[in-house]
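Below is one structure, written out as structure tokens; the observations come after it.
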Amino acid sequence: NPYAGLVSHLRAAWLSGRTRPMEYRMAQLEALGRFLDEKKQDILDATAADMGKPSFEAYFTEILLCKNELNDTLNNLSHWMKDEHVDKNLVTQLDSAFIRKDPYGVVLIIAPWNYPIHLLLVPLIGAIAAGNCVVVKPSETSRNTERLVAEMLTCYLDNDCFAVVTAGVQETTRLLENKFDYIFFTGTSSVGRIVMTAAAKHLTPVTLELGGKNPCYVSDTCDVKNVARRVAWGRFFNAGQTCIAPDYVLCSVEMQEKLMPALREAITEFFGSNPQESPDFGRIVGDKQFRRIRALLCSGRVAIGGQTDEKERYIAPTVLADVLPSDPAMQEEIFGPILPIVVVANMDEAIDFINARPRPLAIYAFSCDSKVVKQVLERTSSGGFCGNDTLMHLTLTSLPFGGIGNSGLGKYHGKFTFDTFTHHRSCLHRNMGLETLNTLRYPPYSQQKLGLLTATFEIKRKGMCTLL
């Protein structure tokens, strides 16, 4: 296997204990901070070359949010690493019971192309913080960013413990044949199944950050202009190539009629009368992706936008009205600047519609009535939820980010990333003396021993009293 030597080299470094000291982890994390600072312009240029990403969006997502994760980790790492002491029963009162935060070992991180720095560095931050050696594989689809990561990231990190592998589908398949101690994958559910199958051969635990069709319910009682701006921003950010973007709107036919002019006004406000000329609207990452998204325009009727330019890989911010559940745009995750609107009679029908489909990565609900938002939250299931806005839950390092069911497995961000790459090892350190306390559990057994054993080991339910 072409990667066996690399994995063995990293495993030897991990077994040496090199990555375990807090000072080492902090130094490597600070080096990542220097990478973000010193290569800021290179990152902006690479993401612009790959998908026409506006520098504002690139700085916000690829640099600022990464630095937030980094600083949150640096601020709290010493606390996160500490042994966590736990409650004890009567028998173990004189012993030490704790959870040790151990690294897994050699881990693999496979990143996607849509946020090629953010979705590589954020898991990497947690993997380093937890004391692992890491192989990172940036996406080959975002070629310029892949080249930047391969050439520059290795200049900042300890190459005995951290490696960048550039690989296509065939090479990645060979890479996955190696035994890793943890695999973190971000991408499509179809590839996620392949990764999970490969991991199963070695009984390797995985985190799968996948996607899905994120519904956005808009009730009849809401500020239509604010809804339009927030939905348009979330849908057309990064030209719609965002895993938690609102994928479709569910609303009444009356609300659809109100939303259309408000959405048109918001799009014009954001990108001008001709979004193709706007410096603030990106492009589709590749020809294959462009053709797939363009084919979805036949769904319903084009109410706003619809223009395309294959040479530029440009698809205008588009809203589709009167879309049917059977239309092509409702059969797959759109991952582009197209927003279908599906008409439902009321909130109950919207909730039934959502629950009849695979559980999404995010659910959005808009209403001036907080009870409506609460109802959607309580009666549905998803990786994350955001009421009266889109995307913003992603920005909090205090909230776990991850999917459920078809939309993923596991979670990360902030301490959740550290925990993801950490084996929580249960430890009990007992006193060598006081052997009399142990005789209750040794044969020969008796009812008296059982009664005493029960009294010392039993956990009683709080608030319950025993009638004598």
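Would you mind telling me which numbered condition in (1) modelled with pLDDT under 95; (2) surrounded by 13 or more Cβ atoms within 10 Å (Cβ to Cβ) N89 fails?
(2)
If I filter the stretch 431-456 down to residues being part of a loop (DSSP other than H, G, I, E, B) and touching a residue at least 12 places away in the same chain (Cβ under 8 Å), which single residue comes out as nearest to I244 (Cα to Cα)?
Within the stretch 431-456, the match that is nearest to I244 (Cα to Cα) is N431.
Have a look at A167, A199 and point out the one that is under 20 Å from L120 (Cβ atoms), modelled with pLDDT of 95 or more and among the small types (G, A, S). Talk me through it step by step, then tell me what you get.
Numbers: A167 fails: modelled with pLDDT of 95 or more.
Being under 20 Å from L120 (Cβ atoms), modelled with pLDDT of 95 or more and among the small types (G, A, S) holds for just one of A167, A199, which is A199.
I'm trying to understand the selection: among the residues of the stretch 246-296, which are assigned to a helix (DSSP H, G or I), surrounded by fewer than 17 Cβ atoms within 10 Å (Cβ to Cβ) and of a type in the set (D, E, K, R)?
If the condition is that a residue be assigned to a helix (DSSP H, G or I), surrounded by fewer than 17 Cβ atoms within 10 Å (Cβ to Cβ) and of a type in the set (D, E, K, R), then E254, E257, E265, E269, E277, D287, K288, R291, R292 are the ones that fit.
Kindly provide the set of residues from the stretch 204-245 that are of a type in the set (S, T, N, Q) and open to solvent by 30 Å² or more (accessible area, probe 1.4 Å), ordered by number.
Passing the criteria: T221, N226.
Among the residues in the stretch 423-439, are any in contact with a helix residue (DSSP H, G or I) (Cβ under 8 Å, 6 or more places away or on another chain), closer than 28 Å to A130 by Cβ, of a type in the set (S, T, Y) and modelled with pLDDT of 95 or more?
Within the stretch 423-439, none of the residues are in contact with a helix residue (DSSP H, G or I) (Cβ under 8 Å, 6 or more places away or on another chain), closer than 28 Å to A130 by Cβ, of a type in the set (S, T, Y) and modelled with pLDDT of 95 or more.
Take the residues in the stretch 393-430 that are part of a loop (DSSP other than H, G, I, E, B) and open to solvent by 80 Å² or more (accessible area, probe 1.4 Å); name whichever of them is nearest to M196 (Cα to Cα). Step through it out loud before you land on a result.
Within the stretch 393-430, the first condition is being part of a loop (DSSP other than H, G, I, E, B), and the residues that meet it are 396-400, 402-404, 410-411, 413-414, 421, 430.
After this cut, where a residue has to be open to solvent by 80 Å² or more (accessible area, probe 1.4 Å) as well, the list is 396, 398, 411, 430.
Details: L396: 28, S398: 27, K411: 16, R430: 39 Å.
That would be K411.
Which of the residues belonging to the stretch 149-165 are part of a strand (DSSP E or B) and either out of contact with any Ser or Thr (no Cβ under 8 Å at 6 or more places or on another chain) or of a type outside the set (V, I, T) (or both)?
F162, A163
Show the residue pairs that are 6+ apart or on different chains and have beta-carbon atoms under 8 Å apart, the first residue being within the stretch 22-45 and open to solvent by 80 Å² or more (accessible area, probe 1.4 Å) and assigned to a helix (DSSP H, G or I), the second being hydroxyl-bearing (S, T, Y) and modelled with pLDDT of 95 or more.
That search, which allows pairs on different chains as well, returns R34/Y156; K40/Y59.
I'd like to verify a number: residues in the stretch 113-133 that are part of a loop (DSSP other than H, G, I, E, B) and surrounded by 24 or more Cβ atoms within 10 Å (Cβ to Cβ), how many?
Count: 7.
Please indicate, with yes or no, whether at least one residue in the stretch 303-319 is in a helix (DSSP H, G or I) and surrounded by fewer than 20 Cβ atoms within 10 Å (Cβ to Cβ).
no
Filter the stretch 166-208 down to residues that are part of a helix (DSSP H, G or I) and among the charged types (D, E, K, R), then give me how many there are.
Of the residues in that region, 3 qualify.
The values are calculated or read from the model by the stated rules, or taken from the named source; none is laboratory data. Remember, predicted model here, so these are calculated numbers, not experimental data. Using ideal geometry, Cβ is built from the backbone for each residue, glycine included, and neighbour counts are taken over all protein chains shown. Only protein heavy atoms, including side chains, enter the accessible area calculation; ligands, DNA and RNA are left aside. Shrake-Rupley method; radii C 1.70, N 1.55, O 1.52, S 1.80 Å.
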